[in-house]
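Structure record follows, encoded as structure tokens.
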Amino acid sequence: MCRWHKLAAKEAATNPITGEFHVGQYAVALTAMGLFRIEQKQWKMAELFEVDGFNPNEVLEENAWQAFEQSGLRKNTNDAQRDLSVHIANMRHALEETALSFDLNPDALDIKDRITKDGYKTTCCAAPNPRENGPFLDAAVVYLAKGYDDADRSYASNTLEIISADELQSLKQDATVAKSDRPYIPVLEGVRGATEYFLAQPNIMQALEGAFSNSIAVIFQTAKDDLKAGRGLEGPSDCIMCEGAKGRKPDALNLG
């Protein structure tokens, strides 16, 4: 999944004092952040569709940088980082409020995958992959939103919304759901309900939008330094949201 979403979501789900990472809060934050997409008309950056932001070489390519320059999102890097921190703090507060009404422990949300702050682990011994969510969250971020341009749920030029409980139930008989994703549809209600509640918190949509736009600014404007310092991933982008129901590209190389 894109770094445009994960940068804020993982920080919002991390206790700033103890450093503890809360998987359930992350699942809610990531599902909510997924309503904002780089190809949406409001950002004027459709050229970045299928660019996940993890590889600074891709971010620094001429067409990507031109799209960023024309988007109107560029601002002083320190200001972008400051504003991002404020939005993340607001997200964190809304997650804490959500946790007062919903059990956000992974077991309560039916999350069995090994999800860490550094990414998904296929096994306990595997290195975490920052680009991957695991199959549960892959299904959540794709199927818990509505408003896509296509039946594959891969492209969204307009506003997305969280689906209702009834719409989630209907997905169990929906032929457009990929066979590999079908086992996860019956267990997504916990994340769906908590995300719906989270999104209803005061000013949270503004916080999510601000977190998304400032994440873009920070990632672009620190890309040169990241490249020089050897930070970030190598290899082509691999974003489940850009593939939707088609699933991850089988030949994608996740090097880093």
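Derivation of every value follows stated rules applied to the coordinates shown; laboratory data play no part. No experiment lies behind these values; they were computed from the predicted model shown. As a convention, Cβ positions derive from the backbone with ideal geometry for all residues, glycine included, and neighbour counts pool all protein chains shown.
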Candidates LEU188, LEU109, LEU227: whichever shows maximal mean-square fluctuation once the chain is modelled as a Gaussian network with Cα springs under 10 Å: LEU227
Ranked packing of 135-141, 77-83, most packed first, by mean Cβ within 10 Å: 135-141, 77-83
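Where Lys and Arg each count +1 and Asp and Glu each count -1, what net charge lies around GLN169 among other residues with Cβ under 11 Å from its Cβ?
Details: positive: LYS172, ARG192; negative: ASP166, GLU167, ASP174, GLU189.
Within the 11 Å Cβ shell, the charges total -2.
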Extended-chain gain in nm, criterion 0.36 nm per residue less alpha-carbon gap, ASN63 and ASP149: 28.6 nm
Candidate lysines - alpha carbon under 21 Å from LYS117, same-chain residues fewer than 8 apart omitted: LYS6, LYS10
Charge dipole magnitude, Cβ of K and R +1, D and E -1 - the range 81-130, Cα centre, debye nearest 20: 260
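About the Cα centre of the range 134-256, what is the dipole size in debye to 20, counting +1 per Lys and Arg Cβ and -1 per Asp and Glu Cβ, all else neutral?
Dipole about the Cα centre, nearest 20: 260 debye.
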Inter-probe distance in nm under a simple model that places probes 7 Å from Cα toward Cβ, at THR18 and ASN203: 2.7
Residue among ALA89, CYS242, ALA46 farthest towards the positive dipole end of the range 3-246, charges placed on Cβ: ALA89
Beta bridge orientation in the chain: antiparallel %, DSSP, nearest 5: 100
Three-way shape call for the chain based on the alpha-carbon gyration tensor, with the a/c threshold at 1.5: rounded
Charge dipole (debye, nearest 20) of the chain; +1 at Cβ of Lys and Arg, -1 at Cβ of Asp and Glu: 300
